[in-house]
Amino acid sequence: MPQALHADVLVAGAGPAGAAVALGLARLGYGVCVVGLPRPFDACEGISRRVVEALRQAGFRQALEQISPPVLREVDWNGERRAQNAESLLWRPGFDTALIADLQQAGVRVMPARVATVLHDDQAPGLRLADGTELRARVVVEARGRAAPQGRGVGLRGPATLAVLTRARGPRAPAGSAVFACADGWVWLARLATGQRYLQFCLAADAPGLPKRAGLAAWARARIDALPEAQAWLEGCVPEGPPTARASTASLHARPWDRGVLRVGDAAMAVDPLSGNGIFQALSSATTAPAVINTLLLSPQHTALALDFHASRLRETFLRFARIGRDFYAAEARWADESFWRERSAWPDALAAHAPVARIDGAALRPVVEDGLIREREVLITSEQPLGVWRVEGVEVAPLLRDLPVAPGDRAVVLAHRLTQAAGSDAQRSHLRAWLQRHAVDVAPD
Ligand SMILES: Cc1cc2nc3c(=O)[nH]c(=O)nc-3n(C[C@H](O)[C@H](O)[C@H](O)COP(=O)(O)OP(=O)(O)OC[C@H]3O[C@@H](n4cnc5c(N)ncnc54)[C@H](O)[C@@H]3O)c2cc1C
């Protein structure tokens, strides 16, 4: 007998990734139920302007109100000091509560419960809750972040890294953050306008002297006392609560889709916090996941295409952030011989994080998101976007370059004519022209 379904889609975890998938699916008309409990620790995180924009585009409103305006971030790296208004701070407990409020406002059901097991099943995957209740759906989304069990597949893993987070309360002062390096790792400091301070160490998971949980508070106190950079930040502060230790190793799961269950966010791919982009990458897989799920449910003949889209984007994003992280580590040369810095400045490989020049390498058929579905379309493969560029400013770019004349002068003239026909406005045309020229494609003047 077919099992009764609790929802079209069940989402395990109500962090930024789970919430973004749920909002996107609700917009496509699916019945979604999110099952999640708040993270069991207090943390503060820093995000850039583009994360704020990604959250806005994903449809969050109340969560945005929890984000501070950009604060002064002091950086001391490789002996060079800089300060710029580059980072907004968010207090995760307040932000996570607001994500749930946004879901409820959008009509998404939220169950505050602990997921004990994700039930893999091609026909009716589900969730078993801690109280034994079983829920079934057409698709399950695994969005429990780093807490999601690895199950059948670790794909790529960076050097094992541990983050130890301590908290303190002190006098009110302008919000701000700081990052600096030390011989065996790096430290991030944040101060909220409320007076709350956070100090986070990132160290090798097997760093000598790192104690078990019971000795962590004394260890952290001694380390902080020995950090000259931390003293001014923590002046007049009283430590609050025990430190939290959590894994911060970069990891890419080998099976983002497994028998009815789609992984998103940190459950699919978690980046090193040094890249400062965890929430951004969590949103990047979560905001395209609704189109992947919509394709699985509405257009099953395109299942392989949709899953390839999801997996290849996760891998590409993971490697890009891993290489960006590697370059940050390599830029700190004072302790280059220490194992912490040596291992991380060589992982994942020696390939450049950014293409040295923008170049078009050809056209190919690749999966893209079109009208809420994954479809195969002709894209331009570029040195910066190896998965392909389908549209620039809303205009499909591969047809612009199809069957151009061989003579360079003629090509440039035909291209200029095609731009005029394809673009709806002068602004659109000049953006397209600039994009092509940046990719070393000549376009004749108008
Ligand atoms: C040390 C460290 C520092 C970081 N600093 C930054 C930073 O400054 N900026 C930044 O952008 N990113 C940062 N990140 C990354 C960022 O925290 C994550 O990338 C982001 O939160 C991932 O979102 P997510 O929704 O995938 O997972 P999460 O945010 O972890 O959400 C998962 C949700 O699932 C819930 N959950 C887990 N297990 C269960 C269960 N069994 N039952 C029910 N619910 C469950 C959790 O409580 C949580 O609400 C940092 C990460 C680490 C490790």
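The values are calculated or read from the model by the stated rules, or taken from the named source; none is laboratory data. Treat the numbers as computed from the prediction; the structure is a model and nothing was measured. Cβ coordinates were reconstructed from backbone atoms using ideal geometry, including for glycine residues, and neighbour counts include every protein chain displayed. Accessible surface areas use protein heavy atoms only, side chains included; no ligands, DNA or RNA. Shrake-Rupley method; radii C 1.70, N 1.55, O 1.52, S 1.80 Å.
Numbers at a glance
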{"read-out": "Failed item in (1) open to solvent by 40 Å² or more (accessible area, probe 1.4 Å); (2) among the aromatic types (Phe, Trp, Tyr); (3) within 17 Å of the chain's Cα centre (by Cα), with Phe328 passing the rest", "value": "(3)"}
{"read-out": "Residues that are closer than 11 Å to Val164 by Cβ and surrounded by 11 or more Cβ atoms within 10 Å (Cβ to Cβ), drawn from the range 206-226", "value": "Ala207, Leu210, Pro211, Leu216, Ala217, Trp219, Ala220, Arg223, Ile224"}
{"read-out": "Residues of the range 106-136 satisfying the condition of being open to solvent by 60 Å² or more (accessible area, probe 1.4 Å), more than 13 Å from the ligand (Cβ to nearest atom) and assigned to a strand (DSSP E or B)", "value": "Arg109, Glu134"}
{"read-out": "Subset of the range 137-162 (residues that are open to solvent by 10 Å² or more (accessible area, probe 1.4 Å) and in a strand (DSSP E or B))", "value": "Arg138, Val154, Gly155, Leu156, Arg157, Leu162"}
{"read-out": "Which listed residue is of a type in the set (A, V, I, L, M, F, W, C) and in contact with a helix residue (DSSP H, G or I) (Cβ under 6 Å, 6 or more places away or on another chain), from Ala306, Ala254, Ala322", "value": "Ala306"}
{"read-out": "Hits in the range 163-191 - residues which are aromatic (Phe, Trp, Tyr) and either near the ligand (Cβ under 10 Å from one of its atoms) or open to solvent by 30 Å² or more (accessible area, probe 1.4 Å) (or both)", "value": "Trp188"}
{"read-out": "Residues of the range 21-35 classified as open to solvent by less than 10 Å² (accessible area, probe 1.4 Å) and either within 8 Å of the ligand (Cβ to nearest atom) or free of Cβ contacts under 8 Å to residues at least 24 places away in the same chain (or both), total", "value": "1"}
{"read-out": "Conditions (1) modelled with pLDDT under 95; (2) within 16 Å of the ligand (Cβ to nearest atom); (3) over 18 Å from Cys202 (Cα atoms); (4) of a type outside the set (Val, Ile, Thr); number of the one not met by Ala232", "value": "(2)"}
{"read-out": "Strands (runs of 3 or more DSSP E) enclosed by the range 1-91 - at least 1 residues per element that are at negative phi and within 18 Å of the chain's Cα centre (by Cα)", "value": "7-12, 44-47, 80-91"}
{"read-out": "Residue among Ala7, Ala14 that is over 28 Å from Tyr329 (Cα atoms) and within 11 Å of the ligand (Cβ to nearest atom)", "value": "Ala14"}
{"read-out": "Within the range 251-297, considering residues that are open to solvent by less than 10 Å² (accessible area, probe 1.4 Å) and in a loop (DSSP other than H, G, I, E, B), the one nearest to Val140 (Cα to Cα)", "value": "Gly260"}
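Yes/no matrix, rows are residues, columns are (1) in contact with a helix residue (DSSP H, G or I) (Cβ under 9 Å, 6 or more places away or on another chain); (2) β-branched (Val, Ile, Thr):
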| residue | (1), (2) |
| --- | --- |
| Pro38 | yes, no |
| Ile47 | yes, yes |
| Thr97 | yes, yes |
| Ala101 | no, no |
